[in-house]
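Novice: Structure in structure tokens, see below.
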Amino acid sequence: MSKRCGSAFLATLLGLAVGGCLTTPASETGWTKRTRDLTPGACQSDALIEDAEDSDNRILVRDGRGGYWYTSVDTEGSTIEPSGQFTMGAEGHAGSKHAAHMSGQMAPAGWSVYASMGFGLADPSGAYDASRYTGVTFWAKGPAHVRFKMPDAYTAPGGGFCKDCYNDFGIELAFTSEWQRYTIPFSWLSQQPGWGDPRPEIATDAIYALQWQVGSRGRSYDVWVDDIAFFCGNEGTSP
């Protein structure tokens, strides 16, 4: 008798995307599978945000963007490399020379356990108008469970609107040990339930940053990201 997903009905009630049984790897189900199955619509060249090939800690300076990479880590005992000034890792996607890279060990317990890398879109720090795009696409590998998120003017303290900040719009992804492309329409991003200032949708005309965050207690992590770009079209279809 074939194995069935006993919790599929419960997952449906909770609004979770399920695409296979509990024995199916997370990288092959739900939101992760949807982001890997989507083909990004083409844009002009200024849609490329970062390819890491200049190996410095600044994203590509174009179309009003030019922020810097950074890492952050909790105070519960998690570790992260690089720490301090960001440095690119060697060997990026498709034989390229560099990619953004973070690695470390998560604390076994604590109230707020996390480690993340990301970059601001503008320098000095400020909001970037990405409303003409449909979403973000990038290549990544792990293995790791990652929350990709995008602080905007209503979740980042710098925006001046939020009282309970940092509940950024994002999506949960399961990276594999092989390079895979993830394509994420803005409309697929959501806040986490139960905290923060709730908003109906991400403010695409006022995005502050892009971040990749891990939070699995007691686990080691090794996350690589490369060739990050906005994409155009209706959920991956060229206009």
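Novice: Go through the stretch 57-165 and tell me which strands (runs of 3 or more DSSP E), entirely inside it, have 1 or more residues that are among the hydroxyl-bearing types (Ser, Thr, Tyr).
Specialist: 69-73, 98-105, 115-120, 135-141
Novice: Please tell me if Pro143 is modelled with pLDDT under 95 and surrounded by 15 or more Cβ atoms within 10 Å (Cβ to Cβ).
Specialist: Yes, satisfied.
Novice: Mind checking which residues of the stretch 28-62 are over 19 Å from Cys232 (Cα atoms), in contact with a strand residue (DSSP E or B) (Cβ under 8 Å, 6 or more places away or on another chain) and basic (Lys, Arg)?
Specialist: Arg58
Novice: Could you look through the stretch 187-238, keep only residues that are within 28 Å of His101 (Cα to Cα) and among the aromatic types (Phe, Trp, Tyr), and pick out the one that is surrounded by the fewest Cβ atoms within 10 Å (Cβ to Cβ)?
Specialist: Filtering first and then ranking leaves Trp188.
Novice: Another one. Checking the structure you have, find out if any residue of the stretch 85-104 is touching a helix residue (DSSP H, G or I) at 6+ places or on another chain (Cβ under 8 Å) and either in the same structural domain as Asn57 (by TED's automatic domain parsing) or on the phi < 0 side of the Ramachandran plot (or both).
Specialist: Within the stretch 85-104 (the criterion being touching a helix residue (DSSP H, G or I) at 6+ places or on another chain (Cβ under 8 Å) and either in the same structural domain as Asn57 (by TED's automatic domain parsing) or on the phi < 0 side of the Ramachandran plot (or both)), the answer is yes, since at least one residue qualifies.
Novice: So which residues in the stretch 81-99 are in contact with an Asp or Glu (Cβ under 9 Å, 6 or more places away or on another chain) and under 14 Å from Asp222 (Cβ atoms)?
Specialist: Ala99
Novice: Would you tally the residues in the stretch 160-183 being more than 22 Å from Ser216 (Cα to Cα) and crowded, with 18+ Cβ neighbours inside 10 Å?
Specialist: 2
The values are calculated or read from the model by the stated rules, or taken from the named source; none is laboratory data. Source: prediction; values computed, not measured. FYI the Cβ positions are ideal-geometry reconstructions off the backbone, even for glycines, and counts take in every protein chain you see.
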